[in-house]
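The next block holds one structure in the form of structure tokens; read it before the comments.
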Amino acid sequence: MPDPQTHNQLLRRPSIIDQHLSTLLQTVSIEVEAGSELLTDGIIERLAELLSTTSGRAEQAAEIIAEMAKSEDNRIIMVQQAVIPPLVAMVHNSAPRVLRQACRAMGNICFESTSGRDIVLSEGGVNALVNRLNELMPEEATVTSQNDVHYMLCGSLHTICMDHEEVQKEAIKLKSLPILVEYLKYSTDGTVLRFVLNIIAAFLDHGEEITEAAIQLNLAPIASDILKTQKDDDTVKEAVLDVLGNFNLLEKPLIQMQLYQSGVLNQIVEIINTSLDETDTAAIERIASEILVLVVSHDGIAQLVFEDTALDLTKEAMDWMKGYQEHLKGTGALVIGNLATSDLRSSLLVDTPDLVETLFKVLACDYTSDEMLVKVKHAALSALRNLSICEVAKPRIRPHLETLLGYVSCDMPMLVFKSVGCVRCLTRGDSEIATELAVNLTLLQTLVGLVDKYKYHNGIQGEVPRLISTLIVEGKHNPQTITQMIECKIMPLILQMTTTKEFPQIQVEGWLAIQKIIHTQGDGSSLVSEKVLKFCEGSLTDDTNPNVRILALNIIRLLSSSITKEEDLHEITEHLNRLAVSNADLPAKQLATEIKQSKPFN
């Protein structure tokens, strides 16, 4: 046997390399790093040349390259030595057996190599892979015999596609999605399915067109079949859920309906429940929970789910909230909250034994982290808020008012936001609560302080003024109570409500509160100094909701008796006259005349 130096010298000769391919393959298969020394001795150039031959040596060369490319250092050299172009040619033209090794070599070279993927893209490698995937598309009768080549084709495309947007765009442009879906239909190999599902999940981040295409290909029923046949393979289940959980896909009502009709929701519930005692399935359970919650957030699906006695999602949600898994307590609360988005469902939900009490127990629990605490308690408060809109549910929640008020003053803005909303909904239509809370000056001062404290939180900025206006409108107040409320500096918050033209309902709530203040106090003298008239003018513009305009005109009428300065009178009547001319607004013109005639300094 020649010494190592002589051996290496011999291997530099193409004829010697050709004769010893089997030995070389055996060497690099046993020890990948052994190939690194040979790469610099001209072997890689010869191997690249052999890839272009029609002899059996091309397959051996591809196999050797695939083995050597398991090393990162080797991959870098191979990319530089132009090994990829002949591999792409092999993918285009070779028989399935050779194709298998070509795909394996190309995939291994491109593993964690952006430059390698760039070359595959520029050399037409993506087109080659898609064409061969289409040509060798699985059928029920042949899928088992073709599994090895399917594995390599899908694995190579998977490696090249992942984390490379341009490759993904090219594959999408080549209409690969319908081809990949066929592999999902017929392949029985878990790894092939996982490769294809991961590719599709990446595609779904590329916009509306590919998302709609996926929906038209009936992904949901196919996913349901995979979850049945691969129920013991957690990696496949997770890949299925990654596809279905893509927000671009899941926000579409059609896919939501498909998920329900195909039975996927039932399977997701089963996945959650079978994951309860398995520590290594936490990711699967979380994805499944998120999908379930998002699908049930659609009102049409929520109604179907609610009526589905076989699924019995209310019972499942109750069990999760009563269980020991923190994350599932939140999932259960979110499901209840989504089901409670209609009065009819809420009125039936509150008949569920211990439902309201269970939600408050979820609120009372301690949690392992602040993040989990906020997440779960936010879910529970959301459910209680939705339930508290329903008149039938209010008496069940009313005894827990002090608990809700405790969260109003906590230091967690997401919980502050939801608790304020919950108290507001509970107060609507209940004069007793409104009257009680309106004289709680500490609460009022806290509410006003929240708006200043959480200037960045739009939810708090919107909910706090709405709660204050609800206390005014719904309560039975005397002038002293209203005066005390105004002294807590509530007026700027209520007046700000009247400027939210994108939300006319909030404008109406603001003006109704101001109207109630004027009626309760007997005159509007205390409001003239608050610049209320200026805000009235803002609600009389052309683009204002008609109901808001009527309320603003009425406020002007009510305040007119309190105007003591001629310049204030002149300014408001001139504005009304301009409005009457530009819009043929008869009520505005009549009001301007009425106000001018009623004032002594005319």
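The values are calculated or read from the model by the stated rules, or taken from the named source; none is laboratory data. Note that the coordinates shown come from a computational prediction; the quantities given were computed from them, not determined experimentally. Backbone-built Cβ (ideal geometry, glycine too); neighbour counts: all protein chains shown. Remember, those area values only see protein heavy atoms, side chains included, never the ligands or the DNA or RNA. Shrake-Rupley method; radii C 1.70, N 1.55, O 1.52, S 1.80 Å.
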Review point. Does segment 41-66 hold any residues that are part of a helix (DSSP H, G or I), within 22 Å of A128 (Cβ to Cβ) and open to solvent by 10 Å² or more (accessible area, probe 1.4 Å), and which are they?
Key: A48, E49, R57, E59, Q60, E63
Exercise for review: Please verify whether segment 151-158 includes one or more residues that are at pLDDT 95 or above, assigned to a loop (DSSP other than H, G, I, E, B) and over 27 Å from the mean Cα position of the chain (by Cα).
Suggested key: no
Review point. If you take just the helices (runs of 4 or more DSSP H) that sit entirely in segment 298-347, which of them hold at least 2 residues that are closer than 15 Å to K361 by Cα?
Key: 313-322, 326-339
Point to revise | Only listed residue being modelled with pLDDT under 90, open to solvent by 10 Å² or more (accessible area, probe 1.4 Å) and either more than 19 Å from K228 (Cβ to Cβ) or hydrophobic (A, V, I, L, M, F, W, C) (or both), chosen from T274, T279 | key: T279
Check your understanding: Q216 is checked against (1) in contact (Cβ under 8 Å) with a residue 12 or more places away in the chain; (2) within 27 Å of M162 (Cα to Cα); (3) surrounded by fewer than 22 Cβ atoms within 10 Å (Cβ to Cβ) and fails just one. What number does that condition carry?
Key -> (1)
Review point. Can you name the condition, by its number, that T114 falls short on among (1) more than 32 Å from the chain's Cα centre (by Cα); (2) farther than 11 Å from S156 by Cα; (3) not small (G, A, S)?
Key: (1)
Exercise for review: Select from segment 516-558 the residues that are of a type in the set (V, I, T) and either at pLDDT 80 or above or in a loop (DSSP other than H, G, I, E, B) (or both) and list them in ascending order.
Suggested key: I517, I518, T520, V532, T541, T544, V548, I550, I555, I556
Practice item. For segment 364-408, name all the residues that are open to solvent by less than 10 Å² (accessible area, probe 1.4 Å) and not in a helix (DSSP H, G or I). Key: C390, A393
Revision key, fill the gap. Those residues of segment 463-474 which are within 28 Å of the chain's Cα centre (by Cα) and either free of Cβ contacts under 8 Å to residues at least 40 places away in the same chain or open to solvent by 30 Å² or more (accessible area, probe 1.4 Å) (or both) amount to R466
Practice item. Name the one entry in G245, G190, G207 that is small (G, A, S), in contact with an Asp or Glu (Cβ under 8 Å, 6 or more places away or on another chain) and over 30 Å from A95 (Cβ atoms). Key: G245
Exercise for review: State whether the residues of segment 324-331 include one that is more than 18 Å from the chain's Cα centre (by Cα) and open to solvent by 50 Å² or more (accessible area, probe 1.4 Å).
Suggested key: yes
Check your understanding: Which residue pairs have Cβ atoms closer than 8 Å, lie 6 or more positions apart in sequence or on different chains, and pair a first residue in segment 321-334 that is among the acidic types (D, E) with a second residue that is open to solvent by less than 20 Å² (accessible area, probe 1.4 Å)?
Key -> E326/V376
Check your understanding: Do you know which of the residues in segment 503-543 that are polar (S, T, N, Q) and open to solvent by 10 Å² or more (accessible area, probe 1.4 Å) is farthest from the chain's Cα centre (by Cα)?
Key -> S525
